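K.L.:
First the structure, which I've put down as structure tokens, then a few questions once you've had a look.
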């Protein structure tokens with residue numbers, strides 16, 4: 001399944017002078033549609049609005065995404081799928097200078113929900129440390145901009161032997177997975193890397209932190225180096241499509257699916273079903 005809208009028109013082609021294509025000058029969101037429910041839609045839109053503010057992109061077109069998606073889902077009779085929203089600064093002449101007058105491009109793509117083995121949830125996944133470092137830029141940290149070359153190059157380091165790779169910055173601190181945020185548990189406390197200098201402030205990451213607070217789990221948002229992460233009792237990753245996946249092995253270290261991971265998973269599932 002592949003359905004697309006560009007600026008509200010059914011189309012699969014962008015102008016070759018679009019700045020999203022040339023420079024990654026834009027933003028995107030990936031949203032799960034499950035049983036007619038758009039999971040955490042408001043949170044995704046809020047993050048895109050924040051990203052537009054950070055990049056100085058006119059946010060007006062974001063207001064049209066809801067109508068675009070609703071129309072597409074109804075027109076094609078879709079109840080389940082992956083919705084990708086993209087907003088670029090639009091077309092421009094050659095060169096980095098932004099056009100004085102913006103005419104942004106908005107793109108909606110709907111594809112099938114991915115199917116993953118149930119064992120990824122019940123038994124956990126295999127992960128590795130990536131060699132390619134993630135770039136630091138505090139002005140871009142947290143937002144989901146279109147330039148993901150760090151993640152692309154890191155993901156090229158393995159084929160199917162791992163389900164995720166964890167990325168470090170140039171000081172050796174864990175930042176995120178190539179497609180996910182990272183959490184760990186030690187002595188009953190929850191840890192997740194600080195995203196002050198790089199990484200995506202994930203929608204599910206925020207939900208997990210909120211759930212942990214509600215459950216009285218002490219949470220630490222802090223720098224975590226490779227050695228510290230290896231010594232943790234539990235590790236899991238999360239994003240908007242997979243929810244939570246426990247990590248059963250990280251390179252040569254092995255982990256059990258622990259009680260805190262299970263509790264957070266169950267609470268998150270309840271929230272996602274309520275969307």
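The values are calculated or read from the model by the stated rules, or taken from the named source; none is laboratory data. Please read all numbers here as calculations on a predicted model, not as lab measurements. Every residue, glycine among them, receives a Cβ derived from its backbone with ideal geometry; neighbour counts consider all protein chains shown.
K.L.:
Residues 173, 225, 220: which one is surrounded by fewer than 19 Cβ atoms within 10 Å (Cβ to Cβ), in contact (Cβ under 8 Å) with a residue 40 or more places away in the chain and over 16 Å from residue 144 (Cβ atoms)? Break it down into steps so the answer makes sense when it comes.
P.N.:
Values: 173 fails: surrounded by fewer than 19 Cβ atoms within 10 Å (Cβ to Cβ); 220 fails: in contact (Cβ under 8 Å) with a residue 40 or more places away in the chain.
On inspection, the qualifying residue turns out to be 225.
K.L.:
From (1) in contact (Cβ under 8 Å) with a residue 40 or more places away in the chain; (2) within 19 Å of the chain's Cα centre (by Cα); (3) over 30 Å from residue 251 (Cα atoms), pick out the condition that doesn't hold for residue 141.
P.N.:
Against the list (1) in contact (Cβ under 8 Å) with a residue 40 or more places away in the chain; (2) within 19 Å of the chain's Cα centre (by Cα); (3) over 30 Å from residue 251 (Cα atoms), residue 141 comes up short only on (3).
K.L.:
Ok, one more. Looking at the structure I just gave you, is residue 165 in the same structural domain as residue 124 (by TED's automatic domain parsing) and either in contact (Cβ under 8 Å) with a residue 40 or more places away in the chain or out of contact with any strand residue (DSSP E or B) (no Cβ under 8 Å at 6 or more places or on another chain) (or both)?
P.N.:
Details: in the same structural domain as residue 124 (by TED's automatic domain parsing): yes; either in contact (Cβ under 8 Å) with a residue 40 or more places away in the chain or out of contact with any strand residue (DSSP E or B) (no Cβ under 8 Å at 6 or more places or on another chain) (or both): no.
When the stated conditions are applied, residue 165 does not pass them.
K.L.:
Is it the case, given these coordinates, that residue 151 is surrounded by fewer than 21 Cβ atoms within 10 Å (Cβ to Cβ), touching a residue at least 40 places away in the same chain (Cβ under 8 Å) and out of contact with any helix residue (DSSP H, G or I) (no Cβ under 8 Å at 6 or more places or on another chain)?
P.N.:
Numbers: surrounded by fewer than 21 Cβ atoms within 10 Å (Cβ to Cβ): yes; touching a residue at least 40 places away in the same chain (Cβ under 8 Å): no; out of contact with any helix residue (DSSP H, G or I) (no Cβ under 8 Å at 6 or more places or on another chain): yes.
In short, no.
K.L.:
What number goes with the only condition from (1) closer than 29 Å to residue 71 by Cα; (2) not assigned by TED's automatic domain parsing to the domain that holds residue 23 that residue 123 does not pass?
P.N.:
Result: residue 123 passes all but (1).
K.L.:
Determine which member of the set 44, 13 is in contact with a strand residue (DSSP E or B) (Cβ under 8 Å, 6 or more places away or on another chain) and assigned to a helix (DSSP H, G or I).
P.N.:
On the way: 13 fails: assigned to a helix (DSSP H, G or I).
That would be 44, the only listed residue that is in contact with a strand residue (DSSP E or B) (Cβ under 8 Å, 6 or more places away or on another chain) and assigned to a helix (DSSP H, G or I).
K.L.:
Tell me which residues, restricted to the range 128-146, are closer than 30 Å to residue 3 by Cα and assigned to a strand (DSSP E or B).
P.N.:
Scanning the range 128-146 gives 142, 145.
K.L.:
Of all residues in the range 147-160, count the ones that are in contact with a strand residue (DSSP E or B) (Cβ under 7 Å, 6 or more places away or on another chain) and assigned to a loop (DSSP other than H, G, I, E, B).
P.N.:
The number of residues fulfilling the criteria is 2.
K.L.:
Return yes or no: is residue 27 touching a residue at least 60 places away in the same chain (Cβ under 8 Å), crowded, with 20+ Cβ neighbours inside 10 Å and either part of a loop (DSSP other than H, G, I, E, B) or assigned by TED's automatic domain parsing to the domain that holds residue 80 (or both)? Lay out the reasoning, then the answer.
P.N.:
Working: touching a residue at least 60 places away in the same chain (Cβ under 8 Å): yes; crowded, with 20+ Cβ neighbours inside 10 Å: yes; either part of a loop (DSSP other than H, G, I, E, B) or assigned by TED's automatic domain parsing to the domain that holds residue 80 (or both): yes.
When the stated conditions are applied, residue 27 passes them.
K.L.:
Moving on. Only one of these is out of contact with any helix residue (DSSP H, G or I) (no Cβ under 9 Å at 6 or more places or on another chain), in the same structural domain as residue 258 (by TED's automatic domain parsing) and surrounded by 23 or more Cβ atoms within 10 Å (Cβ to Cβ): 237, 204. Name it.
P.N.:
Numbers: 204 fails: out of contact with any helix residue (DSSP H, G or I) (no Cβ under 9 Å at 6 or more places or on another chain).
The conditions single out 237.
K.L.:
Determine which single condition residue 53 fails, assuming it passes every other condition in (1) assigned to a helix (DSSP H, G or I); (2) under 30 Å from residue 197 (Cβ atoms); (3) touching a residue at least 12 places away in the same chain (Cβ under 8 Å).
P.N.:
Of (1) assigned to a helix (DSSP H, G or I); (2) under 30 Å from residue 197 (Cβ atoms); (3) touching a residue at least 12 places away in the same chain (Cβ under 8 Å), only one is false for residue 53: (3).
For every residue, the table says whether it meets (1) in contact (Cβ under 8 Å) with a residue 60 or more places away in the chain; (2) surrounded by fewer than 16 Cβ atoms within 10 Å (Cβ to Cβ); (3) in a loop (DSSP other than H, G, I, E, B).
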position: 93; (1), (2), (3): yes, yes, yes
position: 107; (1), (2), (3): yes, no, no
position: 115; (1), (2), (3): no, yes, yes
position: 126; (1), (2), (3): yes, no, no
